[in-house]
Amino acid sequence: MQSTAAAVQERPAVQPDGRVAPKGQPGDPCVMVIFGGTGDLTKRKLIPALYNLDTSNVLAEEFAVVGIGRTKLTSEAFRERMTRDIHEFATQSVDEARWESFVKRLYYLPGDLHDPDTYRRLQELLADIDRKHGTRGNYFYYMAIAPNYFATTVRLLDAAGLAREENGHWRRVIIEKPFGHDLDSARALNRELGEVLNESQIYRIDHYLGKETVQNILVFRFANGIFEPIWNRHYVDHVQITVAETGGVEQRGDYYEGAGALRDMVPNHMFQLLSLTAMEAPNSFAARAVRDEQTKALQAVQQLTPEEILTRTVRGQYGPGTCSGEWVPGYRSEPKVDPQSRTETFVALKLSIDNWRWADVPFYLRTGKRLPQRVTEIAIQFKQAPFVLFRETPIEHLPDNWLVLRIQPDEGISLRFGAKVPGTAMQLGAVDMDFAYVDYFGSTPSTGYERLLHDCMIGDATLFQRADMVEAGWCVVEPMLDIWQAVPPRNFPNYAAGTWGPKEAHELLERDGRRWRTIGHDGPERNGPRR
Ligand code: BG6
């Protein structure tokens, strides 16, 4: 089959305010201000992403970056640092002439985020950059800093006259998760931001939405006539969403101790995958239409009672074991982790979406660190065909029909069905129709931040979380946090690194006569060999 990708052109996205945001064209003239300019995210992701946008000619010529941090540096020294770092973190080979001209647009301002004087100096620097680079007073602020700084930073920006949208320029703020650590703190953060900014100025980033395969869920569902008619309780038996990582907590023990797998992954990344899978068709691809439907899906996720939490949620913590062929320590021996820690590194949940489309279709979610494979996928199992025709044959059961959206790393989509094994006897094998992104579209090295930064520059908030989505997610998770805190785990660590989580995670599905899909080659297939 030949790729027809080139034939599909993107049409401009119409903004809720009626503005047409041209995709694939340079973003608006603007300045990106990065709070946390000397941090990891800046050098590993943000600058390489901006460089990729520049080489794809979708960065306005009138564009500049200001890094802000406590480290005392001149703009010149910052440029030297970024030049060193880009050679380490770029996702493509660096074109020196292009980088030379790009790096001239980087500035640095040392300052304390609690000090109003920092913002006064920022205001002067921005005015200067506007004159030099023609950036027209359009600024977006990237909060690559700890969340406890968000509210103060935004208030002080406002006090310096840097947050108000007036005289035709725009001001936007990008914040990274965590958006609160529970429902109350998420609401408080939304309120504090809302005191200074309009919701339309707030861009809550979830880097999962920067992944092409995640964006493709909507296209797959709504650009094809064949799947949507069967995307409901009449045909779907259940859905499994897996986000498995082989890595441990590495150097992030201090953050992770206060977060745990549930907070770290579920209300954000996993609920994005769940809402895109479960939502109704939006009226358009405008930000409001898409996010309204995602929010509705999240609001329909049933909140579990305390009894249900005890039977429908599973938590785990890894002990030592062999992961990716290497012996690794248990979570409690990781740096900056309490040797008696009760923090979970694995979660499995059985959720229901209480609406017309999904009534009685369980959504099983699992995520964890130190699992046997790094894989993110959404697997939809369809109901089985009646067995009646096979009663008189040696076949004992029919293969499961799975549609699997492979988000990462081996990006693609596959459909599993039963086929007759050639020969005189009636035998069935499970086979896959398989699409791999790389075969059709090649691979475009990216940091995953390009699209999101560009969307912010053109004012398209479709791929960012809205306050009500965040709160809807926490409403589901909060009762679990409460019960888990009231009933501390007694059997941690309860899974060895390099295994698929505690036995209770398997029992969660076995009780329903199901099992987790076998991923990769680490177990026998129930219905016969893979192709
Ligand atoms: C982050 C979490 O948001 O997502 C990490 O804080 C996790 O704990 C990471 O490892 C996973 O992202 P990805 O893109 O590697 O799946």
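The values are calculated or read from the model by the stated rules, or taken from the named source; none is laboratory data. These numbers were taken from a predicted model, which means no experiment stands behind them. Cβ: placed from backbone, ideal geometry, glycine included. Neighbour counts: every protein chain shown. Surface areas here come from the heavy atoms of the whole protein model, side chains and all, with no ligands, DNA or RNA. Shrake-Rupley method; radii C 1.70, N 1.55, O 1.52, S 1.80 Å.
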Next on the checklist: So, Val361, is that one closer than 30 Å to Asn401 by Cα, more than 16 Å from the ligand (Cβ to nearest atom) and under 22 Å from the mean Cα position of the chain (by Cα) or not?
Outcome noted: no
Checklist entry - Looking only at residues in region 42-58 that are aliphatic (A, V, I, L, M) and within 15 Å of Cys456 (Cβ to Cβ), which one is surrounded by the fewest Cβ atoms within 10 Å (Cβ to Cβ)? => result Val58
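Of Leu126, Leu106, Leu122, which residue is more than 16 Å from the ligand (Cβ to nearest atom) and in contact with a helix residue (DSSP H, G or I) (Cβ under 7 Å, 6 or more places away or on another chain)? Steps first, please.
Working: Leu126 fails: in contact with a helix residue (DSSP H, G or I) (Cβ under 7 Å, 6 or more places away or on another chain); Leu122 fails: in contact with a helix residue (DSSP H, G or I) (Cβ under 7 Å, 6 or more places away or on another chain).
The match here is Leu106.
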Item to check | Check on Leu156, aliphatic (A, V, I, L, M), open to solvent by less than 30 Å² (accessible area, probe 1.4 Å), under 23 Å from Gly39 (Cβ atoms) and assigned to a helix (DSSP H, G or I) | outcome: no
Checklist entry - Mind checking whether some residue in region 213-235 is in a strand (DSSP E or B), in contact (Cβ under 8 Å) with a residue 40 or more places away in the chain and within 16 Å of the ligand (Cβ to nearest atom)? => result no
Checklist outcome for this item: Of the residues in region 59-87, those that are touching a His at 6+ places or on another chain (Cβ under 8 Å) and open to solvent by 20 Å² or more (accessible area, probe 1.4 Å) number 1
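Would a scan of region 107-123 turn up a residue that is open to solvent by 20 Å² or more (accessible area, probe 1.4 Å), among the basic types (Lys, Arg) and more than 21 Å from Leu193 (Cβ to Cβ)? Outline the logic, then answer.
Step one: of region 107-123, the residues open to solvent by 20 Å² or more (accessible area, probe 1.4 Å) are 107, 110, 112-117, 120-121, 123.
Keeping just the survivors that are among the basic types (Lys, Arg) gives 120-121.
Remaining after also requiring more than 21 Å from Leu193 (Cβ to Cβ): 120-121.
Yes.
Any idea how many residues of region 143-179 are within 16 Å of the ligand (Cβ to nearest atom) and not small (Gly, Ala, Ser)? Step through it out loud before you land on a result.
Initial filter on region 143-179 (within 16 Å of the ligand (Cβ to nearest atom)): 143-147, 174-179.
From what's left, not small (Gly, Ala, Ser): 143, 145, 147, 174-179.
Total meeting the criteria: 9.
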Checklist entry - out of contact with any Ser or Thr (no Cβ under 6 Å at 6 or more places or on another chain) and either modelled with pLDDT of 95 or more or charged (D, E, K, R) (or both): does that describe Ile34? => result no
Checklist entry - If Gln381 satisfies every condition in (1) under 24 Å from Phe227 (Cβ atoms); (2) at pLDDT 95 or above; (3) within 16 Å of the ligand (Cβ to nearest atom) but one, which is the exception? => result (3)
Checklist outcome for this item: Flagged in region 264-303 as farther than 19 Å from Asn216 by Cβ and among the small types (Gly, Ala, Ser), in numbering order, are Ala300
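Here is a yes/no grid of residues against (1) of a type outside the set (Lys, Arg); (2) in a strand (DSSP E or B); (3) without any contact (Cβ under 8 Å) to a residue 40 or more places away in the chain; (4) within 16 Å of the ligand (Cβ to nearest atom):
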| residue | (1), (2), (3), (4) |
| --- | --- |
| Asp432 | yes, yes, no, no |
| Phe435 | yes, yes, yes, no |
| Val438 | yes, no, yes, no |
| Leu452 | yes, no, no, yes |
| Ala461 | yes, no, no, no |
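Condition first: farther than 26 Å from Ala281 by Cα, within 14 Å of the ligand (Cβ to nearest atom) and either hydrophobic (A, V, I, L, M, F, W, C) or surrounded by 14 or more Cβ atoms within 10 Å (Cβ to Cβ) (or both). Can you find one or more residues in region 387-406 that meet it?
no
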Item to check | Set Thr376, Thr345, Thr367: member being within 11 Å of Trp500 (Cα to Cα), crowded, with 21+ Cβ neighbours inside 10 Å, of a type outside the set (Phe, Trp, Tyr) and within 16 Å of the ligand (Cβ to nearest atom) | outcome: Thr367
